[in-house]
Amino acid sequence: MDELLQELKAAYGDEAQFRDGQKEAIQGILDGKRMLVVQKTGWGKSLVYFLATKLMRKRVQGITLIISPLLALINNQIASAQKLGLCVETINSENKNDWADVNEKLESNQVDALIISPERLANDDFKKYLVSEILRINLFVVDEAHCISDWGHDFRPDYRRIVDIINMLPSNVPVLATTATANDRVINDIRSQLGTDIAVSRGSLMRESLELQIIKADTKEERLAWIADHIEELPNTGLIYCLTIRDCQLVHRWLQEKHIPSRCYYSGVEKDQPETKEEIIRLFMNNEIKALVATVAFGMGFDKPDIGFVIHFQKPGNLVAYYQQIGRAGRGIDRAPAVLLCGKEDDLINQYFIDSAFPTENLMEDVMAALRNRPDPGLKQQDLEKTINMKPARIKACVKYLAVEGALYKENGYYRPSARPWKPDMEKSRKITEIREDELKQINEFTGIRSCYMKHIAEILDDSHAGICGRCSNCLGHPLISPDIKRDTLEETWKFIRDGFNVIQPRKRLPDGVRDADGHNVLPAELLCEPGKVLSNYGDAGWGRLVTDGKYRQNYFNDDLVEAAAKLLEDFVKEHEITWVTNIPSLRRPQLVSGFARRLSERLHLRYVEALEKKPNSVCQKELNTNYLQYENAQNSFEATQPLAGNVLLVDDMVDSRWTFTVCGYKLRKKGNGKVFPFALANSAGRMGDE
């Protein structure tokens, strides 16, 4: 124990002391035990395995292997380990250029710990490498261990592979699993998978610095207005969590509009803006922005002690996820407000996540049937997208689920069915879905309680130390921060959402493996659509709701939409010398879009021409889900009928995949028409967030 304390003080200063349970957990590892540490966010779970690693490296040759779920967390952990003088490396999907160097360091015993994502365990060769004599594992760490459990709030199929590795390790290798968000049910499930002999170290989950408040706000406008009016009252730099990528972008644009420094963080953010994730995190870590607007892609275990606040733009799907996210704040400061904005739309989004958590029986059967009916070498992801009408992300998740279940395997980039019999366990999926439904009801009830918020959460997590916090708005009997919003700000948000619009960027290439008549996959620039305009986001407040009502209730887009579109397009039409208007034709409702386009052309004083023809028996585009099927359907559904001089405004009611605009624009240009500028009344392409 003296040696442990000396190492701690050497790294963190003479005043450093262990928190309750830390040194006992480290000693348990050094004694070769299997341990599950359930401690609150900010307690210092990473210190346990990094300090144990340092002491073990003094005694034996070998490394600590750490399974960690998020890339942002991996980089953060590496920085933390450096304080203890450890050499920690990672092998993940974003550093492939470094893999050879990392392997060389591993084989020459220069690495103290290796962090990998659970997805790496899908590679059989890598799994064999992990348990080979080349790479001797002294300690096996499962960070965020609740991901192992089907019953946990954030189960990840790849975590199932961890048990296979543990079973391949020598019995004397200690195993450490850590989490801050495991109730009794999840703890029991983890023990059943990692071994019933695993010792459980469990402390209080109460977070003394957090000050919780809930504000009811049904509309996005109200939530944006509240943020603008009150964010400067909140201390330091903080986080704003959103359920979807689209809402991340919306909140970020609004903050920029109000000159509040912010950045977005979500899966794929680098495709949408020039900064790298590393640069975004650097700005956040250095307090150079007021807020980081993020999905759950920024989450578990991230270590920044002075995060001053957390705002939830929407209600999470369960209380455990909520606790995990507010736990980012207040680790090294005395006060950190956590404000939950919630309303009716939240349940619609959360229900989508519940419904899509498991692949349906039909989808699993479709995937397996496609694989069984295909000769060697099997099928790639893009092959499945050509035959199965489901969104690519859902197909990909289904394939991963089936691989973990042992129904299929991947070899040389191709998926093949396993030899052993398999059928889906739909009863288990049903039970877990029921739990998710109950958890959603649970957090809905939470937003209406009048007792202590923190005590309520701790009790849900089966924390025996649960007590009244004395700091939340319920305990104090008054709001921590005023829920009021200024009328002027609310009017600004209405205008921001109503008049704010997106650009329709042209697609520049066809789906993988597809060529046009001239053999092109990358479309020639002269046949592309130009960047276009879209008036609203489908279903959103303002114009989005009028579009929804016009399309599905009135079967008519009213004159307010014509006027709004005309005001949006007046300068655009002049700037790009647009001289005529046409529209995407429909056989089901032939007058809906054409009537709107005709009235819009009159308002803009442009010529209206029906220059496209819709073929009979074509499938409705919105019923198709993959790039290949959407492109093929658009390609077979439309023909350009005549060439006209001058640039054209191509009108449709909705834009989603952009394949209809891409194909129709291509055919108009190919026919000899001028430049094609798309315009849609609403963007219905909302990306759900996660990753």
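Would you mind stating whether PRO511 is assigned to a loop (DSSP other than H, G, I, E, B) and either modelled with pLDDT of 90 or more or more than 22 Å from MET654 (Cβ to Cβ) (or both)?
no
I'm checking my understanding of the structure. Among residues of the stretch 290-314 that are open to solvent by 10 Å² or more (accessible area, probe 1.4 Å) and over 15 Å from the mean Cα position of the chain (by Cα), which one is modelled with the highest pLDDT? Once the filter is applied, the top-ranked residue is LYS290. Taking the stretch 638-670 as the range and being under 18 Å from ALA597 (Cβ atoms) and aromatic (Phe, Trp, Tyr) as the test, the residues that pass are PHE638, PHE661.
Selection of the stretch 58-81 for residues being part of a strand (DSSP E or B) and touching a helix residue (DSSP H, G or I) at 6+ places or on another chain (Cβ under 6 Å) yields THR64, ILE67.
Residue by residue, here is whether (1) part of a helix (DSSP H, G or I); (2) of a type in the set (D, E, K, R); (3) touching a Ser or Thr at 6+ places or on another chain (Cβ under 9 Å) holds:
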site	(1), (2), (3)
TRP99	yes, no, no
VAL102	yes, no, yes
ARG120	yes, yes, yes
ASP125	yes, yes, no
ASP158	yes, yes, yes
ASP189	yes, yes, yes
ASP197	no, yes, no
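Confirm whether TYR556 is hydroxyl-bearing (Ser, Thr, Tyr), part of a loop (DSSP other than H, G, I, E, B) and open to solvent by 50 Å² or more (accessible area, probe 1.4 Å). Here the answer is yes, as TYR556 does meet what is asked. Being at pLDDT below 85 and under 23 Å from VAL163 (Cβ atoms) is a description that applies to LEU70. Filtered by the rule that a residue be at pLDDT 90 or above, assigned to a helix (DSSP H, G or I) and surrounded by fewer than 21 Cβ atoms within 10 Å (Cβ to Cβ), the stretch 251-270 gives ARG253, GLN256, GLU257.
Hand me the list of strands (runs of 3 or more DSSP E) wholly inside the stretch 605-691 holding 2 or more residues that are in contact with a Lys or Arg (Cβ under 8 Å, 6 or more places away or on another chain) and buried (at least 17 other Cβ atoms within 10 Å of the Cβ).
The strands (runs of 3 or more DSSP E) meeting that bar are 638-640, 647-655, 676-683.
Picking from residues in the stretch 437-455 that are of a type outside the set (D, E, K, R) and without any contact (Cβ under 8 Å) to a residue 40 or more places away in the chain, the one that is surrounded by the fewest Cβ atoms within 10 Å (Cβ to Cβ) is GLY448. Remark: TYR352 matches the filter, which requires a residue to be among the hydroxyl-bearing types (Ser, Thr, Tyr), at pLDDT below 90, surrounded by fewer than 16 Cβ atoms within 10 Å (Cβ to Cβ) and not in a loop (DSSP other than H, G, I, E, B).
Please enumerate the residues belonging to the stretch 251-263 that are in contact with a Phe, Trp or Tyr (Cβ under 9 Å, 6 or more places away or on another chain) and in contact (Cβ under 8 Å) with a residue 40 or more places away in the chain. Correct list: VAL251, ARG253, TRP254, GLU257. For the stretch 315-329, the candidate set comprises residues that are among the aliphatic types (A, V, I, L, M) and not in a loop (DSSP other than H, G, I, E, B); within that set, the residue that is surrounded by the fewest Cβ atoms within 10 Å (Cβ to Cβ) is ALA321. Checked against (1) under 23 Å from LYS400 (Cα atoms); (2) open to solvent by less than 10 Å² (accessible area, probe 1.4 Å); (3) touching a Gly at 6+ places or on another chain (Cβ under 9 Å), THR181 passes all but condition (1). A single member of LEU55, LEU8 is of a type outside the set (Phe, Trp, Tyr) and either surrounded by 18 or more Cβ atoms within 10 Å (Cβ to Cβ) or not in a helix (DSSP H, G or I) (or both), and it is LEU8. Just a yes or no: is a residue in the stretch 114-132 open to solvent by 20 Å² or more (accessible area, probe 1.4 Å), closer than 29 Å to LEU4 by Cα and among the charged types (D, E, K, R)? Looking through the stretch 114-132, none of the residues is open to solvent by 20 Å² or more (accessible area, probe 1.4 Å), closer than 29 Å to LEU4 by Cα and among the charged types (D, E, K, R). Applying the criterion of being outside any loop (DSSP other than H, G, I, E, B) and either more than 18 Å from ASN76 (Cβ to Cβ) or among the hydrophobic types (A, V, I, L, M, F, W, C) (or both) to the residues of the stretch 271-284, the residue that is most open to solvent (accessible area, probe 1.4 Å) is LYS271.
Put simply, of ASP652, ASP656 the only residue that is under 27 Å from GLY513 (Cα atoms), under 32 Å from the mean Cα position of the chain (by Cα) and at pLDDT 85 or above is ASP656. For the stretch 410-436, a residue qualifies if it is more than 23 Å from ILE354 (Cβ to Cβ) and either in contact with a His (Cβ under 9 Å, 6 or more places away or on another chain) or in contact (Cβ under 8 Å) with a residue 60 or more places away in the chain (or both), and exactly one does: LYS410. Out of all the residues in the stretch 580-601, which are over 18 Å from CYS664 (Cα atoms) and either aromatic (Phe, Trp, Tyr) or assigned to a strand (DSSP E or B) (or both)? Matches in the stretch 580-601: PHE596 only. Remark: GLY332 matches the filter, which requires a residue to be open to solvent by 10 Å² or more (accessible area, probe 1.4 Å), touching a residue at least 24 places away in the same chain (Cβ under 8 Å) and not charged (D, E, K, R).
Considering only residues in the stretch 565-579 that are in contact with a strand residue (DSSP E or B) (Cβ under 6 Å, 6 or more places away or on another chain) and crowded, with 19+ Cβ neighbours inside 10 Å, the one that is nearest to PRO531 (Cα to Cα) turns out to be ILE578.
In the stretch 370-394, the residues that are touching a residue at least 12 places away in the same chain (Cβ under 8 Å) form Cβ pairs under 6 Å with partners that are among the polar types (S, T, N, Q) and not in a helix (DSSP H, G or I), at six or more places apart or across chains, as follows: GLU385/THR626; ASN389/ASN625; MET390/ASN625; LYS391/ASN625; PRO392/THR626.
The values are calculated or read from the model by the stated rules, or taken from the named source; none is laboratory data. These numbers come from a predicted model, not from an experiment. Heads up, the Cβs are rebuilt from the backbone with ideal geometry, glycines too, and the neighbour counts pull from every protein chain shown. For the accessible areas, the whole protein counts, side chains as well, though only heavy atoms, and no ligand, DNA or RNA atoms are used. Shrake-Rupley method; radii C 1.70, N 1.55, O 1.52, S 1.80 Å.
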